[in-house]
Structures are given as C-alpha cells and as structure tokens.
Amino acid sequence: MTETYYVKQKQLDLIKELKFQSYPMLALAEDKNDRYTEIANSITELEEKALLRYLGGDTSIKFKVKEQLYRLYLVDVLGQRNYFTISNATALPDRTVVKEKAFVETLEEIKKWKTPAWEVEKVEE
C-alpha cells in the first residue's frame, strides 16, 4: 500500500535531490547553507518519519506537489486590495479587505468566479 504526502514544489525538488545523493542523511547533517531547513521546519512529525523512510529506500512512500491555490482581488478607488469572498450569511459573492478571509481555491474553481473586474493571484503558503 502506497502512502502519498503532498508538499510544495520547492520541497519536492529538495527531497528528490536528497534521494539521489549517496548519503542523504550526511547531506542533511552537513547542510551549511540550510537548504533543507524549509523541509524540516514545514512538515509534521508524521511527514518527517515518512521522509526518513523514503530516503532510506522505502518504496511505499510517495511525495507529490500540492495543488496550487489562488484567490481573486480587485483594487478599489482608494488603492486598497479587496478580496473576493462568499458571505456565510447569504452564500453570495462579497468583498473583504482581510486577505485571510478571501475565497481560496484551485485555479479551475477560481475561474468559475472570475469576471473582468477581478485579478487572480497565487496563494503563497
């Protein structure tokens, strides 16, 4: 049975780089530029254990890229970004200036809501 873990593209690139080194654990231990710090600081304990098993040769572990998320925004007359949201009370489209309350979805879903007034931006995690 295969276990799949979803990570950012940058993390996947580093994981693959580690996988093809002769001594991946030594590379982690001697990382003077902290290139692998992002992996260590942004994964759960379970994912860390899976990563170690993967680097050790466990073929039942797979890493894939998370699907990129997007949100919509427009700039109002005051020059402030307004983010697209869906009101919980009415289930209708609305605006918010609070980025964390914006409607965040895959590009396919975002395109369903986009009009010429709204711009699309990637959500940086």
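The values are calculated or read from the model by the stated rules, or taken from the named source; none is laboratory data. It should be emphasised that the depicted structure is a prediction, and the values quoted were computed from it without experimental measurement. Cβ: placed from backbone, ideal geometry, glycine included. Neighbour counts: every protein chain shown. Quick note on the areas: whole protein, heavy atoms, side chains included, nothing else; ligands and nucleic acids left out. Shrake-Rupley method; radii C 1.70, N 1.55, O 1.52, S 1.80 Å.
See the values below:
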| read-out | value |
| --- | --- |
| Computed accessible area, SER22, all protein chains, 1.4 angstrom probe, square angstrom | 100 |
| Proximal charge balance of LEU107 [Cβ under 12 Å; K/R count +1, D/E count -1] | 0 |
| Sparse-neighbourhood loop sites, trypsin sites (Lys or Arg not before Pro) in region 53-84 - DSSP loop, at most 15 other Cβ within 10 angstrom | LYS66 |
| Whole-number D in µm² s⁻¹ for the chain, Kirkwood Cα-pair radius fed into Stokes-Einstein, 4 °C, 1.567 mPa s | 75 |
| Flagged links, alpha-carbon separation over 29 Å, of LYS49/LYS101; LYS19/LYS111; LYS19/LYS114; LYS62/LYS122 | LYS49/LYS101; LYS19/LYS111; LYS19/LYS114 |
| Top positive-direction residue, dipole computed over the chain with Cβ charges, set TYR54, THR96, ALA117 | ALA117 |
| Accessible surface ranking that places the most exposed of VAL7, VAL97, VAL104 first, with a 1.4 angstrom probe | VAL97, VAL104, VAL7 |
| Long-range HN-HN contacts of THR85 with modeled amide H, under 5 Å | ASP94, ARG95, THR96, PHE103 |
| Solvent-accessible area of GLU67 with every protein chain in place, 1.4 Å probe, in Å² to the nearest 10 | 130 |
| In Å², nearest 10: area of LEU28 left accessible to a 1.4 Å probe | 60 |
| Sequence of TRP118, TRP113 from largest to smallest accessible area, 1.4 Å probe | TRP113, TRP118 |
| Karplus (6.51, -1.76, 1.60) ³J(HN,Hα), θ = phi - 60°, over region 93-106, in Hz, Gly and Pro reported as x | x, 8, 10, 8, 8, 8, 4, 5, 9, 5, 6, 10, 7, 6 |
| 9 Å beta-carbon shell around ASN82, net charge (K/R +1, D/E -1) | +1 |
